[in-house]
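Novice: Got a structure for you, questions after.
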């Protein structure tokens with residue numbers, strides 16, 4: 001998108017970072033590094049977050065073309081030089097690699113393959129940076145390095161071919177292009193070798209060079225970064241979607257992390273919560289904070305809700321300005337005013353009754369806590385055709401996106417497209433009815449069709465299928481329970497979270513981990529009941545609020561639950577929720593034979 005974006009384009013279209021120009025990145029990107037300050041600093045960092053949480057966008061913004069625009073500096077004056085490496089878009093996880101049965105051969109060839117892939121990306125980034133060399137001094141230095149350093153390093157790795165001859169007038173980029181092609185050819189040679197393994201029963205000796213991290217890639221980068229056209233700071237290797245590495249490659253990457261080469265090479269590793277291991281190739285663990293720092297995007301934005309609201313507001317404001325829409329986010333995504341008036345009236349009544357009936361420290365506390373739940377409860381009559389709660393308004397949409405920016409932008413894009421379809425002329429706001437319908441459709445798809453799609457991939461694995469069945473049951477049981485709490489007279493009715501009151505059994509923890517991996521839960525921690533430490537807290541995604549008719553604007557409350565309670569929820573969700581419905585929420589909490597939640601607190 002650009003300043004002259006056509007009226008028919010969609011301000012909320014989700015683009016892959018690789019396809020966004022540096023100019024558009026400068027206009028679109030909201031600087032989040034005050035929240036994730038370790039990412040643009042020297043040091044190895046793991047960045048964890050579900051798909052759509054902005055990891056790739058952060059990495060794209062760190063690339064030299066974006067940094068030069070943002071800081072108004074040349075490449076040489078940047079604080080670092082970042083190389084973007086998408087693991088998902090490589091062939092690093094070729095099934096042929098599994099045919100390397102010899103453990104040492106497996107390690108050595110996998111590391112070589114990883115190093116060659118990174119070297120190709122590194123020289124591609126140098127070419128893309130298009131560094132100034134008007135006087136030709138940088139090209140002259142690189143031509144000298146090519147003969148005296150680069151080719152010697154290659155020969156030490158076992159490379160026996162005659163190196164291409166550089167023209168005495170080769171430009172800086174022409175030199176980089178020749179170097180990149182050498183690695184591209186090695187990459188092709190590895191692929192050819194691996195594919196030949198599919199047609200033989202006995203091992204074939206690998207004939208090519210073998211490059212490792214410490215003996216090849218690190219010296220290569222150190223030698224290149226010593227030149228005047230490179231920044232004085234570290235080289236960042238931005239390894240995006242590292243869960244796509246196989247187990248051997250993951251252990252090798254951990255070995256690189258353990259080398260602590262941050263001053264020259266800082267590894268920035270993003271995952272979608274499925275990183276396979278933190279063991280090195282020798283079986284040792286890498287440890288935080290000695291070897292690396294770690295960031296969980298969802299945990300940061302789940303616990304700092306106002307910060308996330310501010311971020312989304314800035315992102316939406318930028319997109320509206322780029323499309324010349326003179327509206328604030330609140331004006332463009334208006335709330336359903338009839339509903340909000342009714343909630344404000346309930347709040348006024350609660351404040352008036354506070355002296356005699358109040359529960360909070362102040363009258364305003366009761367209005368904030370109970371006005372919206374009271375309104376939702378008032379809609380829950382016996383008639384199925386009565387009015388329904390409207391999930392509309394900018395702040396509600398932000399809350400429903402549950403800390404993941406893609407979950408705001410994708411529905412917003414659909415809303416915009418729907419508005420263009422039903423009205424003529426420019427779109428100046430999104431009708432609350434359209435907002436509500438899209439949000440409900442997305443919530444249902446998240447729980448049903450999306451759930452079915454990824455669980456179908458595990459159809460041949462009985463144990464995995466059993467886990468997915470338990471996860472769906474758990475979601476239904478907790479969603480239904482939280483709805484009953486919202487309708488009750490409990491002191492805190494806006495509940496989205498479960499805290500574990502004892503060490504979880506491994507099978508229960510596996511189900512929660514599966515839910516975290518696919519975005520149905522966020523994991524955090526909270527003080528335990530005894531006040532002697534912390535325990536795990538799992539927050540249900542607020543994307544599911546419309547499915548279970550919950551108030552998405554807060555999750556101030558949580559419940560403690562035992563292993564037996566959670567196991568019942570995973571096996572018999574209807575029975576689980578039925579006990580609460582029949583006996584009443586307060587009675588259920590006080591009744592030990594029901595085995596339900598042990599304690600109620602608020603964050």
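Novice: Going residue by residue through region 254-265, is there one that turns out to be surrounded by 14 or more Cβ atoms within 10 Å (Cβ to Cβ), over 29 Å from residue 132 (Cα atoms) and touching a helix residue (DSSP H, G or I) at 6+ places or on another chain (Cβ under 6 Å)?
Specialist: Among the residues of region 254-265, at least one is surrounded by 14 or more Cβ atoms within 10 Å (Cβ to Cβ), over 29 Å from residue 132 (Cα atoms) and touching a helix residue (DSSP H, G or I) at 6+ places or on another chain (Cβ under 6 Å), which makes the answer yes.
Novice: When you go through 348, 344, 318 one by one, which is the residue that is closer than 22 Å to residue 60 by Cα and outside the structural domain of residue 525 (by TED's automatic domain parsing)?
Specialist: 318
Novice: Now for a different question. Take residue 361 and decide whether it is at pLDDT below 90 and part of a loop (DSSP other than H, G, I, E, B).
Specialist: When the stated conditions are applied, residue 361 passes them.
Novice: Write out, first by first residue and then by second, each pair whose Cβ atoms fall under 6 Å of each other, whose residues are 6+ apart or on separate chains, and whose first residue, in region 428-439, is closer than 13 Å to residue 330 by Cβ while the second is in a helix (DSSP H, G or I).
Specialist: 429/332; 430/415; 430/419; 435/415
Novice: Of the residues 239, 218, only one is at pLDDT 95 or above and buried (at least 19 other Cβ atoms within 10 Å of the Cβ); which?
Specialist: Sole residue among the options that is at pLDDT 95 or above and buried (at least 19 other Cβ atoms within 10 Å of the Cβ): 239.
Novice: Spot the failing condition for residue 13; the list is (1) under 30 Å from residue 425 (Cβ atoms); (2) modelled with pLDDT of 85 or more; (3) touching a helix residue (DSSP H, G or I) at 6+ places or on another chain (Cβ under 7 Å); (4) crowded, with 16+ Cβ neighbours inside 10 Å, and only one is missed.
Specialist: Condition (4) is where residue 13 drops out.
Novice: Take the conditions surrounded by 23 or more Cβ atoms within 10 Å (Cβ to Cβ) and farther than 24 Å from residue 442 by Cα and apply them to residue 499. Does it pass?
Specialist: For residue 499, the condition - surrounded by 23 or more Cβ atoms within 10 Å (Cβ to Cβ) and farther than 24 Å from residue 442 by Cα - is met.
Novice: Of all residues in region 220-242, count the ones that are in a loop (DSSP other than H, G, I, E, B) and more than 24 Å from residue 61 (Cβ to Cβ).
Specialist: 3
Novice: Tell me, which helices (runs of 4 or more DSSP H) wholly within region 95-200 include 3 or more residues that are modelled with pLDDT under 90, crowded, with 17+ Cβ neighbours inside 10 Å and out of contact with any helix residue (DSSP H, G or I) (no Cβ under 7 Å at 6 or more places or on another chain)?
Specialist: Passing ranges: none, list empty.
Novice: Check off (1) crowded, with 16+ Cβ neighbours inside 10 Å; (2) at pLDDT 85 or above; (3) more than 22 Å from residue 407 (Cα to Cα) for residue 345 and give me the number that stays unchecked.
Specialist: Result: residue 345 fails condition (1) only.
Novice: Can you tell me how many residues within region 243-272 are outside any helix (DSSP H, G or I) and within 11 Å of residue 87 (Cα to Cα)?
Specialist: Residues meeting the conditions: 5.
Novice: Might you let me know whether region 517-538 holds any residue that is out of contact with any strand residue (DSSP E or B) (no Cβ under 6 Å at 6 or more places or on another chain), within 14 Å of residue 399 (Cα to Cα) and at pLDDT 85 or above?
Specialist: There is no residue in region 517-538 that is out of contact with any strand residue (DSSP E or B) (no Cβ under 6 Å at 6 or more places or on another chain), within 14 Å of residue 399 (Cα to Cα) and at pLDDT 85 or above.
The values are calculated or read from the model by the stated rules, or taken from the named source; none is laboratory data. In this text, all values refer to a predicted model and were calculated from it rather than measured experimentally. Here the Cβ is made from the backbone with ideal geometry for all residues, glycine too, and neighbour counts use every protein chain on show.
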